[in-house]
Amino acid sequence: MSLPILETCRKRKRGPKLYNFHSFGDPGCPISPIGPFRDNIRLFLQECAEPEDYNVEGMPIWCTLLVIESNSIVVPLYIIEENVKFSPNPFCDHCRCTGWGDNLVSKRKYHVIIPIAGEWSKRLEEGF
């Protein structure tokens with residue numbers, strides 16, 4: 001059973017970008033962030049993720065594939081972009097609890113999700 005992003009890549013006739021699970025996030029892998037968070041996350045999505053062909057509750061989804069070479073496993077890393085203007089909770093708990101509840105860092109919140117093992121080949125659902 002293949003992952004939805006692999007099927008999407010087959011339809012577009014291009015190979016997916018794969019990143020090593022254990023070195024992902026090391027300095028310079030997969031990007032070298034140098035600016036504010038809002039610019040770095042956009043760069044990451046442009047360079048390292050593929051948009052999914054569906055959304056959750058109107059929010060766009062991207063997928064990055066991580067490879068665990070020792071087990072020959074491909075793990076999907078989903079990123080969901082939420083516009084805080086339409087969010088019932090515009091501030092994350094960390095910002096709210098530490099007193100940053102009046103200062104938005106970004107106009108968007110990003111949810112980074114690795115589904116449980118049995119759900120890797122399924123689409124994300126409402127309420128993710």
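Any read-out appearing in this document is the output of simple, stated calculations on the displayed coordinates, not a laboratory observation. Note that the structure is a prediction, hence the values are computed from the model and not measured. Quick reminder, even Gly has a Cβ in these numbers, built from the backbone with ideal geometry, and neighbours come from all protein chains shown.
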Self-check item: Net lengthening on full extension, I73/K107 (0.36 nm per residue, minus Cα-Cα)
Solution: 8.8 nm
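Please work out how much length the chain gains when fully extended from K85 to C97, using 0.36 nm per residue of separation minus the C-alpha to C-alpha distance, in nm with one decimal.
Fully extending the segment from K85 to C97 adds 2.3 nm.
Listed highest first by mean packing, meaning other Cβ atoms within 10 Å per residue, what order do 60-70, 109-119 come in? Numbers along the way, then the final one.
Values: 60-70: 16.8, 109-119: 12.5.
Ranked by mean Cβ neighbours within 10 Å, highest first: 60-70, 109-119.
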Quiz prompt | Extension gain (nm, one decimal) between K122 and Q46, 0.36 nm per residue minus Cα-Cα | solution = 25.0 nm
